[in-house]
Each structure stands twice: as structure tokens, then as C-alpha cells.
Amino acid sequence: MKQKIAWLELILTEGLGVGTAYKLVQEFGQPLGFLEHKKKIDQMLTSKAAHNLWDKKFFNHDLTIDQILEVLEKQNIKMITVLDDDYPESLKNQKNPPVTLFLKGKLPLQKSFAIVGTRNLSDYGKSVTQKIAREIAAAGFIVVSGLAMGADAVAHTAAVLERTPTIAVLGTSVDKIYPVVNNGLARKILEFGGGLVSENPPGTIGGAWLFPARNRIIAGLSCGVLVTEGKKNSGALITAKFGMEQGKNIYAIPGDINRVQASGPNQLISQGAKLVSCGQDILEDYGYLPRSLDDVKKPKKFSDVYQEKVYHIIAKNSKISFDSILLATKYDFGTLSATLMQLELSGDINKLSGSNYCKS
């Protein structure tokens, strides 16, 4: 317990940045033993930072250390330090790695791949994000994203639909899901063997400055980064930049040059990112061969005739409205609504804006 308290005191010390805290740990080991090296540490720090460290002056935080410890125990949140054996090795290879990670659930890291993009996804962006995320997840990769609205939520949901683990890296703490609307998705991530992870201790509420720092962890946990949509100065592009600095493979979905959401990926492609049109474009870089012709030809199976009829009507159109499907099937409103929901949950169709639908 004393060790855990010492780590919390270190990361909460006012004026002590992540990079400096990491250097102290590298040089002197466990924070509990820092006092034995006081003279050397004083020489490494500014006088103010040293004063705050020894006097335990912490930055403004909603919870006390005792309250943080209580949340860790009650919510089964694991604290992983940079000196622990289960700390992800890939994170140590970046500048200013997180000194601590707070984990709810599991952190499966074999074949992890980041999929990120804008919160304001177009219908096209939603469709391609879901399609590629599902193909990546179905191949056994762990989808890593940031649990934000838009591309992040679509990528995590795609992994959940494939019933595979996915990792959500939060800019808040893992006990403060943001946005709140993604609470249900967070529960699903845990249900299917994934994890919620953050470098911020419990009680940390979201702030704009926290999210760029979060993006370096998304890149660090992954063997590659795909940007589906986003502006040139978006958080997704920051994640790609971190990936480049860390020597990761960078991928991007090409988009309409007249759409601002496509400006980021198009710029990445012009800078050398690999253009992606399907999951196989990514998978082939990791030794995955295309599916056999027999697999491609396998017919879809539906649980009832309603689903089969609705699916084939949607598949014939690039986009079709609810009312048009209602007219074509002559089903009642309730039957069609339930059928469309089942097809969407199974990943066979995508719901677009304005109550329109398209094939996945």
C-alpha cells in the first residue's frame, strides 16, 4: 500500500511533468525510496518542483489520495507502474511514456491496431470505419481507439460486433467515461474481454489538454495507425504524428477533396501514408493472405425471412430511406424497425443520417 501511495503522490505533484517523473523513476527506482536520494533529486528539479515533491503539494484534484485508493478497490481498477512487468513494453519506446496506467478490464496487446478519426463522421466515414474495423477485428487484431464520439465509437462498436476485445484509451480517468453517452459501449468493451485504460488517476475530469497526451498512448499501444476521417489539425492527425515518431505504420482512407473531414487523411497519403480501401490493404502488411474464393462466395445467412428480404432491398441501393423500405416490403412499422435494428446489430447494414440505410 505504501508503494501505491508513493506512486500516486509522484504523479499528483504540482509542477512535476510526466517526462521529469519518468526520469526520476528511471534514475532512482521506486518513488518510496526517493528521499534517500534527496540531494541528487534536488539538483535535477527546479526549486519549486523539488519543494512540492518533498512537501507533498499536489495539483488541484477532485479526490484525495485516500479517496483514489477507495475508488481503485471498489471499481476493481488496477494501477500499473512503468516498473511493473505487465507495463506495455511498446510504451517505453516513446518520448515521455506514462509513469502509471490505470486499467479497468484487461489489456490484451497482441496485434493491437489503432483506428481513429473525427467526431463528426460523414455517412461515408461511418461506413468505411465500421467496415475496416470489423475486418481488422475479425482477423484477430485488437482495435485501439479513444472512446470519443464518431470514429472512435464506431471502431470500438465494430470490434464488439465481432465479439473481440478492444482497448479504449481515455483522456479522462477510467471511472469518468466521457462522453457519458458511451457508458453502454464501455460496458460492452469490458464484457468482451477488452479494457479501459488511462494515465490519469480516478477522479480526473476531461480537459482539452488531456486528449493530445492520450493520443500518444493510442499510438504507442499499436503496431499501426489508421486515420479514417479528420481535419488537418484534428486529434486523429496528432495520433498519426505520434505514430510516425514512434516508427509505426501509418494508413489513411482517401476522401472527397471538397470535404474538410477528408483533408487530414488525404494529406497523410500525400506524405507517404498507405492508402487503404479495405481491411486487406492493412492485413497484408502483417502477413495475412486474402480470404479464399470459397469464403468470398459463401452466401449470407439470416435468422428469418424478414431480415433476408430487407437486406436484399437495401443491398440493391447505395442509400435507401426507411419509408422506401416500408413501401417495398409492405411490412408494418414495428416489424420493419425491429428487422432493421437486428441487421444493424449483426453488422449487415449501416444506419445513415436522415433515417437512411446502406449495406455494410
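The values are calculated or read from the model by the stated rules, or taken from the named source; none is laboratory data. Keep in mind it's a predicted model, so treat the numbers as computed, not measured. Here Cβ is always computed from backbone atoms with ideal geometry, including for glycine, and neighbour counts include all displayed protein chains. All accessible areas refer to the heavy atoms of the entire protein, side chains included, with ligands and DNA or RNA removed. Shrake-Rupley method; radii C 1.70, N 1.55, O 1.52, S 1.80 Å.
Observations
- Options ILE132, ILE142; residue that is open to solvent by less than 10 Å² (accessible area, probe 1.4 Å), within 30 Å of LEU8 (Cα to Cα) and out of contact with any Asp or Glu (no Cβ under 6 Å at 6 or more places or on another chain): ILE142
- Filter result for PRO98 (over 18 Å from SER173 (Cβ atoms) and open to solvent by less than 20 Å² (accessible area, probe 1.4 Å)): no
Residues checked against (1) loosely packed, with under 12 Cβ neighbours inside 10 Å; (2) farther than 29 Å from LYS188 by Cβ; (3) of a type outside the set (Gly, Ala, Ser); (4) under 25 Å from the mean Cα position of the chain (by Cα):
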{"site": "SER318", "(1), (2), (3), (4)": "yes, yes, no, no"}
{"site": "PHE322", "(1), (2), (3), (4)": "no, no, yes, no"}
{"site": "LEU326", "(1), (2), (3), (4)": "no, yes, yes, no"}
{"site": "ASP332", "(1), (2), (3), (4)": "yes, yes, yes, no"}
{"site": "ALA338", "(1), (2), (3), (4)": "no, no, no, no"}
{"site": "GLU344", "(1), (2), (3), (4)": "no, no, yes, yes"}
{"site": "LYS351", "(1), (2), (3), (4)": "no, no, yes, yes"}
{"site": "GLY354", "(1), (2), (3), (4)": "yes, no, no, no"}
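- Scan of the stretch 101-121 for residues that are touching an Asp or Glu at 6+ places or on another chain (Cβ under 7 Å) and open to solvent by 10 Å² or more (accessible area, probe 1.4 Å), ordered by number: GLY117, THR118, LEU121
- Pairs, first more than 13 Å from SER360 (Cβ to Cβ) and without any contact (Cβ under 8 Å) to a residue 24 or more places away in the chain in the stretch 110-133, second open to solvent by less than 30 Å² (accessible area, probe 1.4 Å) and of a type outside the set (S, T, N, Q), C-beta under 7 Å, six or more apart: none
- Residues of the stretch 162-193 that turn out to be assigned to a loop (DSSP other than H, G, I, E, B) and either at positive phi or open to solvent by 20 Å² or more (accessible area, probe 1.4 Å) (or both), as a count: 11
- When the stretch 205-223 is filtered for residues that are surrounded by fewer than 23 Cβ atoms within 10 Å (Cβ to Cβ) and either in contact (Cβ under 8 Å) with a residue 40 or more places away in the chain or assigned to a loop (DSSP other than H, G, I, E, B) (or both), the ones remaining, listed by number, are ILE205, GLY206, GLY207, ALA208, TRP209, PHE211, ALA213, LEU221, CYS223.
- Selection within the stretch 239-273 - of a type in the set (S, T, N, Q), open to solvent by less than 70 Å² (accessible area, probe 1.4 Å) and farther than 22 Å from SER127 by Cβ: GLN246, ASN249
- Enumeration of residues in the stretch 97-154 that are assigned to a loop (DSSP other than H, G, I, E, B), under 30 Å from GLY29 (Cβ atoms) and of a type outside the set (Lys, Arg): PRO97, PRO98, VAL99, LEU107, PRO108, LEU109, GLN110
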